[in-house]
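One structure below.
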Amino acid sequence: MKYVAGADIGTTSLKIAVFDEKGKLISSASRDYTLITEGERVEFPAEGYWEMFSDAFTEVSRGIEISAISVDTQCETLILTDEGGAPLTNAIVWLDNRAEAEAREIEEKFGKKLVYEVTGQPEICATWPAAKLLWVKKNLPEVFSNTKRIFLLEDYILFKLTGRFVTEKTLQSSSLYFDIRCGDWWDEMLSFIGISRKQLPEILGSAELVGEYNGIKVATSAIDQIAGAIGAGVTSKSVISEMTGTTMAMFVPCDEIPEYNPESIIPCHVNYDGKYALLSWTPAAGLALKWFKNGFCADLSFKEMDVLAEEAGIGAEGLTFLPYLCGSTMPKYSPTAKGAFLGLTLSHTRAHMIRAILEAVACMLKSNLEYMNIEAPEIRSTGGGASSPLWCRIKADMTGRKITTLKNAESACLGSAILAGVAAGIFDSVVSAADAIVETDKTYVPGGADYTDVYKNFCEAEEKMLWEK
């Protein structure tokens, strides 16, 4: 029996899992961490990622002879180092919005249409690494001039594991300086930012061998949402996935890059197989529930919060929550949007607030499905939100789609492990491995509960309070 490992580094947690070649979970470990936030800035000590990874990997690998490992990560988290890979500043986390002015500068120079046609990104946002690099150039000139290597998070971990300075195409799709059609750096954008190709990693595909770490083969993975989709068995266009973790993300595979539509803000990424995928995401989903738990329900577990929310009933007695604690991205882009409870009365309790949060995230799922015109009847649900039967039922009734969960809750880790196994020759292909390994768990079909007013109230609240005109 051979063993493969997958690591998933999300926004506020790191997970590593080891599987046998039949997909059985053998061991796992996780580490939670807190980001450094100040205004629009969101950071984390770059070396802290490696320290957590090393600690968790030591735990999961004890007594197991692992053949291969891959690491998937969040997109857009930027790490700038010297030639030896020593970080020059904290990692600038993907959520960081300090580079709004620089994003506008890029838009004025290139325009949305050209940027989309080259990079697949229809919006030019402060979160993209290109904008962040421009901000560093203007505001931290010493750091910028001393930067010899420009990493995204997966690149950095691969460098620490193997010593090779490499990246993979899915990760760079939202850097804004990567051409997703030809799979190479976009020289015009590099020139505008003021960086060179020698500062950037060698470009590989997913499931390619990079090197070894303590005798274990190390391979490229894919961004967390793509790895999670693989681990959920989404390898064809008949099924899509949604992940409710810190954020909420949707993954929709496609064969071609959709033509530019000025009315659309759906990004297109390179997929693990060299084709493409549409990815829709919102900054705060499970994060909103975690925020409420930490601040108002510290005495309760998430399961106990579910019980309260069930008792509150559909519509939370007229209470509506807007979950935009970190702005809004899709289907409407508004980085300055704020979260809010609307309709509060003396009769409302924290049970109603919990229910309103769950329903708000389901409303976001529905609005994204409508915006993207997705007709797939089945949604594979992953992330922490999939462990809540109530939340899954709300999503099924809200969207009118079948919601399916997975027996292996760590779908991103499994997806990365599959990519590692393919690279190491343990599996013939991603599709055959996923077909053989991925097992579904529970299915939630629409039960007839009426969320019409809930969704109507949610949409009206957005229009009244949030969107920039």
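A few comments on the model shown:
- Test: residue in the stretch 292-301 that is under 19 Å from GLY385 (Cα atoms) and either among the aliphatic types (A, V, I, L, M) or in contact with a His (Cβ under 6 Å, 6 or more places away or on another chain) (or both): yes
- The stretch 448-469: number of residues that are modelled with pLDDT under 95 and outside any helix (DSSP H, G or I): 5
- Contact map, the stretch 77-99: residues that are closer than 16 Å to LEU171 by Cα paired with residues that are open to solvent by less than 20 Å² (accessible area, probe 1.4 Å) and of a type in the set (Lys, Arg), Cβ distance under 9 Å, separation 6+ or inter-chain. Pairs shown: LEU78/LYS132; ILE92/LYS132.
- Evaluation of GLY425 against (1) touching a residue at least 12 places away in the same chain (Cβ under 8 Å); (2) closer than 23 Å to LYS217 by Cβ; (3) open to solvent by 40 Å² or more (accessible area, probe 1.4 Å) (one fails), failing number: (1)
- When each of SER67, SER54 is tested for being surrounded by fewer than 20 Cβ atoms within 10 Å (Cβ to Cβ), closer than 20 Å to ALA219 by Cα, in contact with a strand residue (DSSP E or B) (Cβ under 7 Å, 6 or more places away or on another chain) and not basic (Lys, Arg), the lone residue that passes is SER67.
- Matching residues, the stretch 61-76, being aliphatic (A, V, I, L, M) and either free of Cβ contacts under 8 Å to residues at least 40 places away in the same chain or over 21 Å from ALA207 (Cβ atoms) (or both): ILE64
- Among the numbered conditions (1) under 25 Å from ASN294 (Cβ atoms); (2) open to solvent by less than 20 Å² (accessible area, probe 1.4 Å); (3) in a loop (DSSP other than H, G, I, E, B), the only one that ALA376 does not meet is (1).
- Among (1) open to solvent by less than 30 Å² (accessible area, probe 1.4 Å); (2) out of contact with any helix residue (DSSP H, G or I) (no Cβ under 7 Å at 6 or more places or on another chain); (3) small (Gly, Ala, Ser); (4) over 29 Å from PRO258 (Cα atoms), the one test that GLY163 misses: (1)
- In the stretch 176-210, the residues that are under 28 Å from ALA68 (Cα atoms) and among the acidic types (Asp, Glu): ASP184, GLU202, GLU208
- From PRO267, PRO262, residue being in contact (Cβ under 8 Å) with a residue 24 or more places away in the chain and within 16 Å of the chain's Cα centre (by Cα): PRO267
- Among the residues of the stretch 16-50, just one is under 21 Å from the mean Cα position of the chain (by Cα), part of a loop (DSSP other than H, G, I, E, B) and either aromatic (Phe, Trp, Tyr) or crowded, with 17+ Cβ neighbours inside 10 Å (or both), namely TYR33.
- Every pair of residues 6+ apart whose Cβ atoms lie under 7 Å, when the first sits in the stretch 439-460 and is farther than 30 Å from GLU21 by Cβ while the second is outside any loop (DSSP other than H, G, I, E, B) and open to solvent by 80 Å² or more (accessible area, probe 1.4 Å): TYR444/ARG393; GLY447/ARG393; ALA449/ILE314; TYR451/ILE314; VAL454/ILE314
- Being in contact (Cβ under 8 Å) with a residue 60 or more places away in the chain and surrounded by fewer than 17 Cβ atoms within 10 Å (Cβ to Cβ) is a condition met by no residue of the stretch 118-138.
- The set of residues in the stretch 100-110 that are free of Cβ contacts under 8 Å to residues at least 40 places away in the same chain and open to solvent by less than 20 Å² (accessible area, probe 1.4 Å) comprises GLU102, ALA103.
The values are calculated or read from the model by the stated rules, or taken from the named source; none is laboratory data. The model shown is predicted, which means the values in this text are computed figures rather than measured ones. Here the Cβ is made from the backbone with ideal geometry for all residues, glycine too, and neighbour counts use every protein chain on show. Just the protein is used for accessible areas: all its heavy atoms, side chains included, with ligands, DNA and RNA removed. Shrake-Rupley method; radii C 1.70, N 1.55, O 1.52, S 1.80 Å.
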